Each structure stands twice: as structure tokens, then as C-alpha cells.
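Participant: One structure follows; several queries about it will come next.
Laboratory data are not the source of any read-out in this text; all were calculated from the coordinates shown. Keep in mind it's a predicted model, so treat the numbers as computed, not measured. In this analysis, Cβ positions are derived from the backbone assuming ideal geometry, glycine residues included, and neighbour counts consider all displayed protein chains.
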Amino acid sequence: MPEPAMLELSAVAFRYEDMRMLFDLRVARGECIAIIGPSGAGKSTLLALIAGFEQPEAGRIAIEGRDMAGVAPARRPVTSLFQEHNLFAHLTLAQNVGLGLDPGLSLDAAQKAQVREALAHVGLTGLEARRPGQLSGGERQRAALARSLVRNKPLLLLDEPFAALGPAQRLEMLDLVNAIAQSRGFTVLFVSHQPEDARHAAGRTIFIDGGRIQADGPTKELFARPSGPLAAYLGAG
């Protein structure tokens, strides 16, 4: 019997204002997929449906073969990371990361070790006692990524978390995400308005326009021979 997909959306329908979205998507375990498309196309809505922040009108969302209908966001095997990193200004870096393990921050020795390990993994060793206001924008995003790490959920959804960073820092963060994903066995879907992010970091790219997946395939192939709405979006042809 074949292994179930990490993620599968079947005829998932959702309406936002006058746009009716419809998604069919299958994601294998361990993939890193870029989601690109114009503003308002439905990219963030797709991630919100997967995470459970929005509920579909129809269709089925399954993660690791389990139907997510009625499963609250906190109980899904998903971690979401947004551009607004939601670090708490009055907490230290270690405490902010520790929230990923226990919202009450009653951490035992093993959990505190997990926090230190996650911070080391993203290159923030020695900054545990600092507060977010004492960090650079890149360091704050690394801290948010560390909090995602300690949650250790198999599906990582990134909704433009690095958009405020410069090009070099943004690609550096995507490299870090890929390295972490490979070492932990995570599956990653990331939204970006920058086609170069997809070219740099994603083995597969999905192009969304008008609430539909208009193109889906290996990144190199899609960008080498864009057609239709994707070609128009990229300014090719």
C-alpha cells in the first residue's frame, strides 16, 4: 500500500468576497514548494485553509492521510510562520522560543535544552537573554524560525516571513529553512512575491491566479518554459 501524501487537497472550495477559489493539490513528504502569484490571487488563503485558520465550503484537506475537518489549528501537524513574527517584546529570546513548547513557559531541563539547540541551529547562540528590540530584523526572523523548530511539526507553512529582509538575507534564510527541513524531514510550502526565491530554494513551484492553481511543476522547467498566465506574471514572452 503506497504511503499517503503528506498533504492532499481535493476540490477544496472557498469564497472570499467575489472570488471563488478551488484547490486540488498533492504534496509528497519532504518537498519544498514555492507558491507564487499576483497579490490577491489566493496564495495566503491556501496556507490558511491548510493550517485551519479558514474553513473550506466544500472539499477535503488531509495531512498524512488524516482528514482535517473539524481539527483545530493548534491540533494540526502544522507550523505557520508569517511576516509578522509575533515575538513578544517583554520576553527574552529564549522565552519567546520556549512558547513553542509551553505557552505557560514551565519548561523542564530537557525542554530548555531544546530551546538552546533550536537557537544554535539558527545561529543565535549567546543571544538567549536578549529581547526582540535588541535584535536585527534578520535575527528576529531567525528567532521565529527557532520557535517553529521546537514545535517539531512535519509541515511548515511560510507566508512571506522574510519579505522585509534584503535579497541576500532573504535567500540566506531560505537556505537555512531548506537545511533545517532536510535535517528534520519537514515538508515546506512557502509563499513569495519574488520569483527568484522560488528559483533559489524550491524544487517545485505552484503558480496561483484567480483562486486557482494555474501552473504546477518542477521549478526549473516552469521557469524555463513559462506559458499563459505564468508567462504574463513573469513578463516573459
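Participant: Can you list residues from other chains, or at least 5 along the same chain, whose modelled amide H is less than 5 Å from the amide H of A215?
Facilitator: F207
Participant: Which of rounded, prolate, oblate describes the chain, given a ≥ b ≥ c as roots of the alpha-carbon gyration tensor eigenvalues and a/c under 1.5 marking rounded, otherwise prolate only if a/b is larger than b/c?
Facilitator: prolate
Participant: On to the next question. Need the full-extension length gain, D102 to E196, defined as separation in residues times 0.36 nm minus the C-alpha distance. One decimal, nm.
Facilitator: 30.2 nm
Participant: Would you order T45, T92 from fewest to most other beta-carbon atoms within 10 Å of each residue's own beta-carbon?
Facilitator: Fewest-to-most Cβ neighbours within 10 Å comes out as T92, T45.
Participant: Specify whether the C-alpha gyration tensor of segment 86-152 places it in the rounded, prolate or oblate class, a ≥ b ≥ c being the square roots of the eigenvalues: rounded for a/c under 1.5, otherwise prolate if a/b is larger than b/c and oblate if not.
Facilitator: Working: a/c = 1.63, a/b = 1.33, b/c = 1.22.
Here segment 86-152 falls in the prolate category.
Participant: Moving on. When the helices in the chain are scored as -39500 (n - 2.57) per DSSP H run of 4 or longer and the sum is shared across all residues, what 222 nm value do you end up with, to the nearest 500 deg cm²/dmol?
Facilitator: That comes out to -10000 deg cm²/dmol.
Participant: Dipole magnitude of segment 1-130 about its Cα centre, charges +1 at Lys/Arg Cβ and -1 at Asp/Glu Cβ only, in debye to the nearest 20?
Facilitator: For segment 1-130, the charge dipole is close to 100 debye.
Participant: What whole-number distance in Å separates the alpha-carbon centres of segment 136-190 and segment 1-79?
Facilitator: Taking the Cα centre of each part, segment 136-190 and segment 1-79 sit 20 Å apart.
Participant: Another one. With an 8 Å cut-off on Cα pairs and a minimum separation of 6 or more residues, tell me the relative contact order of the chain in percent.
Facilitator: 28
Participant: While we're looking at this one, here's another question. Could you work out the relative contact order of segment 86-152, using alpha carbon pairs under 8 angstrom and six or more residues apart, expressed as a whole percent?
Facilitator: Normalised by residue count, the contact order of segment 86-152 is 48 percent.
Participant: Sticking with this one: Which value, in debye to the nearest 20, describes the size of the charge dipole of the chain about its Cα centre when Lys and Arg Cβ atoms bear +1, Asp and Glu Cβ atoms bear -1, and nothing else is charged?
Facilitator: Numbers: 25 positive and 25 negative charges, 70 e Å.
Approximately 340 debye in magnitude.
Participant: Tell me, what HN-Hα J-couplings in whole Hz come from the Karplus equation 6.51 cos²θ - 1.76 cosθ + 1.60 at θ = phi - 60° for each residue of segment 208-217, using x for Gly and Pro?
Facilitator: 10, 8, x, x, 9, 7, 8, 8, 7, x
Participant: Mind listing the long-range amide H neighbours of I35? Cut-off is under 5 Å, sequence gap 5 or more, other chains count too, H placed in the peptide plane at 1.01 Å from N.
Facilitator: The list, which skips near neighbours in sequence, is F190, V191, S192, I206.
Participant: Quick check on the exposure proxy: order H193, H90 from fewest to most C-beta atoms within 10 angstrom.
Facilitator: H90, H193
Participant: Which value, in debye to the nearest 20, describes the size of the charge dipole of segment 86-152 about its Cα centre when Lys and Arg Cβ atoms bear +1, Asp and Glu Cβ atoms bear -1, and nothing else is charged?
Facilitator: The dipole of segment 86-152 has a size of about 160 debye.
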